[in-house]
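Report on the structure given below.
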Amino acid sequence: MFKLSLLLCVSVSLWFNSLQAAEPLAGTQSLEEKEELHKKMVDGIHKYLDRELAASVAKRKDYWKPDFSSPEAYLKSVEPNRERLRKYLGVVDKRLPPNLEYVGGPDQPALVGETDKYKVFAVRWAVLPGIDGEGLLLEPNGKVLVNAIGVPDADHTPEQVAGLAPGVAKEAQFARKLAEVGCRVLVPTLIDRKDDFCVNPRLGRGTNQPHREFIQRMAYEMGRTIIGFEVQKVLAAVDWFQGRLVKGGDGSGSPVRILGHGEGGRVAFYAAALDDRIGICSVNGSFGPQEKLWEQPIYRNAWGLLTEFGDGEVAAGFWPPEFKDHPLWHRRLQINDNAVPNVAGPPMPRQGRGGAAPGKIERSDAKTEFERAQAIINRKDWRHLLLSEERDGEPTVQVPISVLPFMMFKGGIPNGEPAKDLRKSYDPVARQKRQFDQLVAFIQKIWRDSDAVRRAYWAKADSSSPEAWEKTTESYRDYFHTEVIGKLPEPTMPLNPRTRVIYDEPKWTGYEVMIDVYPDVFASGILLLPKDLKPGEKRPVVVCQHGLEGTPKSTIDPEKSPIYAEFSKHLCEKGYIVYAPQNPYIGQTHFRQIQRKAQPLKAALFSFIVRQHQRTIDWLETLPNVDPKRIAFYGLSYGGKTAMRVPAIETRYCLSICSADFNEWVGKNVSVELPMSYMWTVEYDMYEFDLGNTFNYAEMAYLIAPRPFMVERGHDDGVGIDEMVNYEYAKIRYLYANKLKLPDRTEIEHQPGGHRIFEKGTYAFLAKHLKWDK
């Protein structure tokens, strides 16, 4: 009977303790969410961004302060806008002096065709070191009335729009039509949407990325874009035309007209916006609302663009309706809402060739955006902005009806016979390959030169003492947060923490946590509390971050993923308070499209992660057993990326450990000679605008210094190679040991093995710097 009573008492006690443990953590509400939090998190960020994209339209006016008191005042007032547009498009390199030359050989004469009205020459012109424009020059036989640049869509060749090759309907051969009425027409080659050259046979790597995306990825990391490079080619042509000014048919003397179709329409639009030397611009099949830029191909992506530059703002801001006695009066912008290229997506994936970002081009509502531009300038009779809506029949570039009157010509619509190509079996593929290779080589070189660029950028950081370093790197921290990561507004919502027990182990209890950040945006994770905590005792916290497609449970449960070695659980068993956050890089394309929505708003996936971690620390600091001065960060893989970025911004993390990710990061994104480069994978979310000129991983660690920093590296980890990892880490070691005289605050550990947590030197590093020897 006594034994039965004792057993009953023990059972009741265990039941009561279990009931107590099932209660939410003290000071929090009960977490009642039924939906998987990682899915709800990603969906919530999308909702936030959808609202912000819609709201961006009204916010853009705050960036524009046009002064119409005089032409000079106007130009001065919009120059800051132009400078930012140049930055976002990557039109930042100084062009070479103008120089155009004929291109020919024994079997390929430079004179490629002629009629009784004009001659056609194969030409190239200098743009940037190692980069030429290349295409055709149509030269009238008689008086030149106008200098013009005709920019075809990416999938049309100069020969097609000049009528020398099949593929474009006769009525849409705009270069030929302009030449027939006396225009001197330069037609550049654009990088096309095929994927033939996106391979490296030596590495056995290839991708189905369109040529434009392949260039865009590496260019974006280095602060350039494919559209920006092509704008440079157009402006280099304008430079050359400056020595050949002719009096326009309207008497304006404007040196250049420009017409662009499809992708060429985007190029023409931005080139004319940036340069008043272009008098008249005709945009065909590429004007419209850009709030769904994220649905378009990634080669149209531009950092920060939609904070300030929707198509309506560009049209209203750079084509002023004033100054009748000034050359600005003669600038015109014509929109043709037709001839929109139909691009359903990238080339189809096949064996060994995948990884392209999704994206399509469809007709958008040009009329609505046109009317919005009129409303911005408050002029419905705005003669500087014209809209042509011709939606009947087959889409075509509206040269006969729209462009010629707009170009200030009178008389009948020309439609003569095209010239015959005099070259023997000419194939434009070789020219496309030259253009592609030049851009690749240019970007690979500026990556290789970027160490020196970053050293110059960091010249104002004072390493004479740890105190001087902290003081003089604050401006770099702010730039990193604002201009590289993207700074979201400070959250103002209450934390409203909700918790529920999901683990009840012999030595620790695990609570699932949810904390508010913004409407629809929250932070979540799992808090592991040792059961031997005493009232009033303060312990260090280790924030243990999962990697790509992981969850907090990945770092706790052995069956989830062996690469994590259950490190959250093991650290808690050593007596640490452990918090395992959920980061939103889960859901494949669904989470990657966060980047596509965010980047035009000058934000990114890590913009949200930073705020989530800051709110998490805000809450952790309220817990009675947490020592707020001893909150450390330890992340694997994508969690290692977090270890480089979040502690660089959030200084309340007292140390950071980067595991299975540390790299010569810029090279990993840009290099076409590295097998593990993101140039060959689906991870288009990795690219951060202009990172290469400001912050590689060494410079991110500079922002962590003088706090302790460690790298955990497996020799066989496929994220990189030891040579690149050690090269980048050596810069950090030099700063800590040689400059700041703090050699014991940084380490790199190499272990045999691959992509995983090793639980060796990192645990000693934590114990040492968190002063925890239990």
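Inspection of region 306-322 finds a residue satisfying the criterion of being under 21 Å from Gln595 (Cα atoms), part of a helix (DSSP H, G or I) and open to solvent by 10 Å² or more (accessible area, probe 1.4 Å). Residues that are assigned to a strand (DSSP E or B) and under 23 Å from Glu83 (Cα atoms) within region 260-281 comprise Gly260, Ile278, Gly279, Ile280, Cys281, listed in sequence order.
Among the conditions (1) small (Gly, Ala, Ser); (2) out of contact with any Pro (no Cβ under 8 Å at 6 or more places or on another chain); (3) open to solvent by less than 10 Å² (accessible area, probe 1.4 Å), the only one that Gly167 does not satisfy is (3).
Can you find, within region 436-466, the residue that is least open to solvent (accessible area, probe 1.4 Å) among those that are of a type in the set (Phe, Trp, Tyr) and in a helix (DSSP H, G or I)?
Pass one, region 436-466, residues of a type in the set (Phe, Trp, Tyr): 436, 442, 447, 457-458.
Cutting the leftovers down to in a helix (DSSP H, G or I) gives us 436, 442, 447, 457.
Numbers: Phe436: 6, Phe442: 25, Trp447: 42, Tyr457: 67 Å².
Checked region 436-466; the qualifying residue least open to solvent (accessible area, probe 1.4 Å) is Phe436.
Taking the listed residues Arg652, Arg645, the one that is open to solvent by 10 Å² or more (accessible area, probe 1.4 Å) and basic (Lys, Arg) is Arg652, with no other qualifying.
Quick check on my filter: what residues within region 335-348 are modelled with pLDDT under 95 and open to solvent by 10 Å² or more (accessible area, probe 1.4 Å)? Residues satisfying the conditions are Val340, Pro341, Asn342.
Going by what's in this entry, would Ala604 be described as touching a Gly at 6+ places or on another chain (Cβ under 6 Å) and either modelled with pLDDT under 95 or among the small types (Gly, Ala, Ser) (or both)? Answer is yes for this residue.
Only one of Glu673, Glu723, Glu712, Glu749 is crowded, with 18+ Cβ neighbours inside 10 Å and modelled with pLDDT of 95 or more; which? Give the derivation first.
On the way: Glu673 fails: crowded, with 18+ Cβ neighbours inside 10 Å; Glu723 fails: crowded, with 18+ Cβ neighbours inside 10 Å; Glu749 fails: crowded, with 18+ Cβ neighbours inside 10 Å.
So the residue among Glu673, Glu723, Glu712, Glu749 that is crowded, with 18+ Cβ neighbours inside 10 Å and modelled with pLDDT of 95 or more is Glu712.
Within region 496-535, the set of residues being closer than 14 Å to Asp618 by Cβ and open to solvent by 40 Å² or more (accessible area, probe 1.4 Å) comprises Asn496 only. Selection of region 468-481 for residues being of a type outside the set (Asp, Glu), surrounded by fewer than 13 Cβ atoms within 10 Å (Cβ to Cβ) and within 28 Å of the chain's Cα centre (by Cα) yields only Ser475.
Per-residue answers, yes or no, for (1) in contact (Cβ under 8 Å) with a residue 24 or more places away in the chain; (2) among the aliphatic types (A, V, I, L, M); (3) open to solvent by 10 Å² or more (accessible area, probe 1.4 Å):
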site	(1), (2), (3)
Cys183	yes, no, no
Leu186	yes, yes, no
Asp192	yes, no, yes
Asp196	yes, no, yes
Asn200	yes, no, yes
Glu221	yes, no, no
Arg224	yes, no, yes
Gly228	yes, no, no
Phe241	yes, no, no
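Residues of region 762-774 that are within 17 Å of Tyr634 (Cβ to Cβ) and open to solvent by 20 Å² or more (accessible area, probe 1.4 Å): Tyr763, Ala764, Ala767, Lys768, His769, Lys771, Trp772.
Ile732 meets the conditions (1) among the aliphatic types (A, V, I, L, M); (2) under 12 Å from Phe662 (Cβ atoms); (3) open to solvent by 20 Å² or more (accessible area, probe 1.4 Å); (4) free of Cβ contacts under 8 Å to residues at least 40 places away in the same chain in every case but one. The failed one is (3).
The values are calculated or read from the model by the stated rules, or taken from the named source; none is laboratory data. None of the values given here were measured: they were computed from a predicted structure. For neighbour counting, all protein chains shown are included, and Cβ atoms are generated from backbone atoms with ideal geometry for every residue, glycine included. Only protein heavy atoms, including side chains, enter the accessible area calculation; ligands, DNA and RNA are left aside. Shrake-Rupley method; radii C 1.70, N 1.55, O 1.52, S 1.80 Å.
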